[in-house]
1. Six or more apart or on different chains, Cβ atoms under 7 Å: show the pairs whose first residue is in the stretch 187-206 and in the same structural domain as residue 156 (by TED's automatic domain parsing) and whose second is crowded, with 20+ Cβ neighbours inside 10 Å and not in a helix (DSSP H, G or I).
2. Considering only the stretch 229-240, I want to know if a residue exists there that is assigned to a helix (DSSP H, G or I) and either modelled with pLDDT of 95 or more or surrounded by fewer than 16 Cβ atoms within 10 Å (Cβ to Cβ) (or both).
3. Is it the case that residue 91 is modelled with pLDDT under 90, under 28 Å from the mean Cα position of the chain (by Cα) and either surrounded by 13 or more Cβ atoms within 10 Å (Cβ to Cβ) or in a helix (DSSP H, G or I) (or both)?
4. What pairs come out if I take residues in the stretch 167-180 that are under 13 Å from residue 197 (Cβ atoms) and pair them with residues that are modelled with pLDDT under 90 and crowded, with 18+ Cβ neighbours inside 10 Å whose C-beta lies under 6 Å away, six or more apart or interchain?
5. Within the stretch 95-113, track down each residue that is out of contact with any helix residue (DSSP H, G or I) (no Cβ under 8 Å at 6 or more places or on another chain) and assigned to a helix (DSSP H, G or I).
6. Inside the stretch 107-130, can you point out the residues that are under 29 Å from the mean Cα position of the chain (by Cα), surrounded by 15 or more Cβ atoms within 10 Å (Cβ to Cβ) and in contact (Cβ under 8 Å) with a residue 24 or more places away in the chain?
């Protein structure tokens, strides 16, 4: 009986001990921040990413956010040209007649084709004349003094670079690396890769100038409308006809 009373007294002393209650409170306070942090971490991981415009993005299988179907931080995959460099007659599709016209212009009057290509890209008044006339002058000088068109490609190759950048197309240097894998070191540096692409654009125009201009013409005609045909719809208001109420007999 005495032992039972002693145990009860010891239990009461432990329950009423201020040191014990303080230890319990300290342990509770330590556990609560951990629970709060775990809840915040779960909320951050479960919430989908949002871009600057407020659109909710998705996740990849590796837990990386997606932006316009591409992982954030990774470059977009470049597209292929609609036709190859040596496809002189183009493709057998709805642009077949336009491809034949491009082939004839590139063979007979490349200055006109080059001017129309720049006009579709620029869409500014006077773009055709600003490109066609200097090209014609360089074309005549090159053929008169050197016997071939060796000066105009140095002036026209920038249009190929503009088309490649505007539509995110694969360049000749990247295509060469994809086929043989001999230039992997240059592909890692974006600035060095672009310098190599500029050199390839110039080489393509100098060595295969008619084919390059025709390929660019086929590309811009499939992707861009001529600025002269950008018509806007006009809403015509037709007044209602006269209405007459029939009298009942």
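The values are calculated or read from the model by the stated rules, or taken from the named source; none is laboratory data. Treat the numbers as computed from the prediction; the structure is a model and nothing was measured. Cβ atoms come from the backbone with ideal geometry, glycine included; neighbour counts cover every protein chain shown.
1. Pairs found: 197/171; 200/171.
2. Yes: one or more hits.
3. For residue 91, the condition - modelled with pLDDT under 90, under 28 Å from the mean Cα position of the chain (by Cα) and either surrounded by 13 or more Cβ atoms within 10 Å (Cβ to Cβ) or in a helix (DSSP H, G or I) (or both) - is met.
4. none
5. Once the filter is applied, which keeps residues that are out of contact with any helix residue (DSSP H, G or I) (no Cβ under 8 Å at 6 or more places or on another chain) and assigned to a helix (DSSP H, G or I), the stretch 95-113 yields 96, 97, 100, 101, 104, 108.
6. Result: 113, 114, 116, 117, 118, 119, 120, 121.
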